[in-house]
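Here the structure comes first, spelled out in structure tokens, and everything after it is commentary.
The values are calculated or read from the model by the stated rules, or taken from the named source; none is laboratory data. All of these numbers come straight from a predicted model, not from anything done at the bench. Cβ coordinates were reconstructed from backbone atoms using ideal geometry, including for glycine residues, and neighbour counts include every protein chain displayed.
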Amino acid sequence: MAKHDFGILDKFEENKWYQEYEPEKYHCISVDMDVIDEVFSAHLEEMKQIKAFACISTQPICGLEESGITLIPPYSLKSFCDVITKANRQLQSHQLVLLIDKIKEAIKDDKYLIHFGI
């Protein structure tokens, strides 16, 4: 099954291309594509408000790259966590609980979250 992976960057480097799929390096957790699709369908406008970057800090985007790499900066993590928490009230997904925990860890450590799309 297709999935999205989320991990924490130990050290974020400006102007570095994060283009390699390296889920082990970032201790990623996985969320099935159908779960992420449900989050997006129910909370699309909120997801579009999350400021992030596509592969490098010079390519700002809003939301997640569905089939690419997204870098979510510390200043966007609370909003992202709020959307996922809100979505999980309905979905009751263990995978989303793990994602919420991963986001909270990144917030606590003031680190970037990396997302590998499908």
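Of all residues in the range 24-42, how many are among the polar types (S, T, N, Q) and surrounded by fewer than 12 Cβ atoms within 10 Å (Cβ to Cβ)?
Filtering the range 24-42 for residues among the polar types (S, T, N, Q) gives 30, 41.
Pick out the ones that are also surrounded by fewer than 12 Cβ atoms within 10 Å (Cβ to Cβ) and you get 41.
So the count comes out to 1.
Restricting attention to the range 23-48, which residues are within 14 Å of THR70 (Cβ to Cβ) and either free of Cβ contacts under 8 Å to residues at least 40 places away in the same chain or part of a loop (DSSP other than H, G, I, E, B) (or both)?
Once the filter is applied, which keeps residues that are within 14 Å of THR70 (Cβ to Cβ) and either free of Cβ contacts under 8 Å to residues at least 40 places away in the same chain or part of a loop (DSSP other than H, G, I, E, B) (or both), the range 23-48 yields PRO23, TYR26, CYS28, ILE36, PHE40, MET47, LYS48.
List pairs: first in the range 75-101 and closer than 28 Å to SER57 by Cα and surrounded by 18 or more Cβ atoms within 10 Å (Cβ to Cβ), second at pLDDT 95 or above and among the aromatic types (Phe, Trp, Tyr), Cβ under 7 Å, 6+ apart or cross-chain?
LEU99/PHE6
Does MET1 fit the bill of being in a loop (DSSP other than H, G, I, E, B) and hydrophobic (A, V, I, L, M, F, W, C)?
Numbers: in a loop (DSSP other than H, G, I, E, B): yes; hydrophobic (A, V, I, L, M, F, W, C): yes.
Criteria met by MET1.
Of all residues being assigned to a loop (DSSP other than H, G, I, E, B) and in contact (Cβ under 8 Å) with a residue 60 or more places away in the chain in the range 4-21, which is surrounded by the most Cβ atoms within 10 Å (Cβ to Cβ)? Just the residue, please.
Keep residues of the range 4-21 that are assigned to a loop (DSSP other than H, G, I, E, B), which gives 9-21.
Narrowing further to those that are in contact (Cβ under 8 Å) with a residue 60 or more places away in the chain: 9-10, 12, 18, 21.
Values: LEU9: 18, ASP10: 11, PHE12: 16, TYR18: 21, TYR21: 12.
Of everything passing the filter in the range 4-21, TYR18 is surrounded by the most Cβ atoms within 10 Å (Cβ to Cβ).
Looking at the range 61-118, which of its residues are outside any helix (DSSP H, G or I), more than 17 Å from PRO23 (Cβ to Cβ) and touching a helix residue (DSSP H, G or I) at 6+ places or on another chain (Cβ under 8 Å)? Steps first, answer last, please.
Start the filter on the range 61-118 by keeping residues that are outside any helix (DSSP H, G or I), which leaves 61-73, 92-93, 110-118.
Next, from what is left, pick out any that are more than 17 Å from PRO23 (Cβ to Cβ): 61-63, 73, 92-93, 110.
Hits for the range 61-118 are CYS62, GLY63, SER93, ASP110.
Quickly run through the range 31-53 and pick out the residues that are in contact with a helix residue (DSSP H, G or I) (Cβ under 7 Å, 6 or more places away or on another chain) and over 19 Å from PRO73 (Cβ atoms). Give the steps one after another, and end with the answer.
Kept after step one, since they are in contact with a helix residue (DSSP H, G or I) (Cβ under 7 Å, 6 or more places away or on another chain), are these residues of the range 31-53: 31-32, 35, 38-40, 42-43, 46-47, 49-52.
Matches in the range 31-53: VAL31, ASP32, VAL35, GLU38, VAL39, PHE40, ALA42, HIS43.
Just name the residue that is surrounded by the most Cβ atoms within 10 Å (Cβ to Cβ) out of those in the range 43-72 that are acidic (Asp, Glu) and under 13 Å from the mean Cα position of the chain (by Cα). Please lay out each step first, then the result.
We begin by selecting, within the range 43-72, every residue acidic (Asp, Glu); these are 45-46, 65-66.
Still in the running and under 13 Å from the mean Cα position of the chain (by Cα): 65-66.
Details: GLU65: 19, GLU66: 14.
That would be GLU65.
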